[in-house]
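Have a look at the structure below before the remarks.
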Amino acid sequence: MREKSSASAEALQERESELQVRRFILSSGVIYENDSRLDATAYAEAATRALAQLEASPYKKLTVGELSGTIWHPVQNQARSNFKRIYTDAAHGVPFVSSRSMFGLPLRPERFLSRLMPKLPDLMVPNGWLLLSRSGTVGNVLYVNESLSRCAISDHAIRIEPKILNESGYLYAFLASRFGQTLIAKGIYGSTVDELEPKHIADIPVPIISDDDRKEIHNAIVEAYHRRDEANALIYRAERQLHELLGVAPFDDSDVEYFKSSRDPRAFVTSSNDIGIRFDATNHVPIVRSIIHKLKTGRFHLASLGSLVGADNIDVPPRFVRIYVEKEHGIPLLQGSQMPLMRPHGLKYISRA
């Protein structure tokens with residue numbers, strides 16, 4: 001029994017070595033300074049190194065809170081149930097984008113909010129402010145350009161109002177950098193859904209480099225987001241031209257007549273002849289039937305994608321064991337949810353071997 005116990009202990013020790021379990025000791029004072037949090041994320045080694053490197057830099061440091069007029073989100077001081085959204089159609093509303101879709105290119109508003117909604121101004125964000133996703137996929141930072149400033153932004157995004165430097169592009173560049181992302185991750189909490197609050201952002205130190213260098217970085221970011229505006233406009237124009245050439249009117253969810261005219265929740269009726277072996281609602285959504293009907297009334301004959309490119313050229317890559325490595329030893333793995341994003345956050349790297 002002793003030999004077996006000894007062997008088990010050695011096996012466990014080897015396993016811990018393989019997993020590279022990292023242990024560290026903290027004083028109670030450090031824990032108290034971090035809101036008495038007991039999750040290891042708040043004391044990540046990477047964040048400690050990043051803070052040490054920033055402290056060692058020769059530049060003066062100011063916190064994000066000191067550089068900003070306000071850092072907030074619409075429901076931070078009230079229950080979310082008090083912030084009811086009033087949806088309407090495109091003709092009577094303001095485009096609404098979620099904290100995920102605001103990063104997409106092109107920008108695709110999901111719904112439209114009534115202009116008579118009392119708290120609509122709280123969801124509008126001025127040009128030049130910064131947005132930070134605070135729930136679910138946390139930590140993505142975004143510069144508000146002209147396209148976004150015309151939309152209502154989900155309350156799941158933290159608003160940052162740059163004030164002192166008046167160069168929000170530089171603040172954006174820092175928060176989107178390795179330093180900024182590491183320090184943002186330090187504040188993430190939540191056992192089921194990741195969350196982030198303004199107070200976790202306010203204390204992040206930002207090095208104040210020379211005026212000329214800050215201005216150069218700021219101008220580069222502004223130019224990049226200006227071109228993003230232009231890209232949105234070009235994609236929308238191309239889509240309009242495509243509809244005109246096809247002779248097909250644009251289609252959207254307003255084409256669908258939902259059960260009892262209710263749009264929330266969206267319920268619909270389908271024939272038993274159409275169900276087949278699929279009982280999941282997504283396979284029978286009415287908008288698909290509307291799209292196919294409109295395409296059939298267009299100027300051109302319809303052909304299946306398989307007949308055009310060859311069925312053998314449409315496939316799903318096989319599943320395989322992923323060997324994750326550090327950035328310098330691997331290639332980035334782009335997941336499906338990250339593909340539409342301008343700046344994918346939380347990239348992992350898989351081994352080249």
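Figures for the structure shown
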item: Mean Cβ count within 10 Å, highest first, over the residues of peptides 299-308, 122-131; result: 122-131, 299-308
item: Extension gain, Phe268 back to Lys215 (0.36 nm per residue minus Cα-Cα distance, nm); result: 13.7 nm
item: Cβ-Cβ FRET estimate between Gln241 and Ala202, R0 fixed at 51 Å, reported to 0.05; result: 0.65
item: Rounded Å value of the spacing that divides the Cα centres of the range 267-341 and the range 131-180; result: 32
item: Over 23 Å between alpha carbons, listed pairs Lys60/Lys348; Lys84/Lys199; Lys163/Lys199; Lys61/Lys186; Lys60/Lys163; Lys186/Lys348; result: Lys60/Lys348; Lys84/Lys199
item: Relative packing of 221-227, 153-159, which averages over residues the other C-beta atoms within 10 Å, highest first; result: 153-159, 221-227
item: Cα-based shape type of the range 128-186, given that a ≥ b ≥ c are square roots of the gyration tensor eigenvalues and the cut on a/c is 1.5; result: oblate
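Bear in mind these aren't lab numbers, they're just calculated from the coordinates by the rules spelled out. Values in this document were obtained by computation on a predicted structure and should not be read as measured data. As a convention, Cβ positions derive from the backbone with ideal geometry for all residues, glycine included, and neighbour counts pool all protein chains shown.
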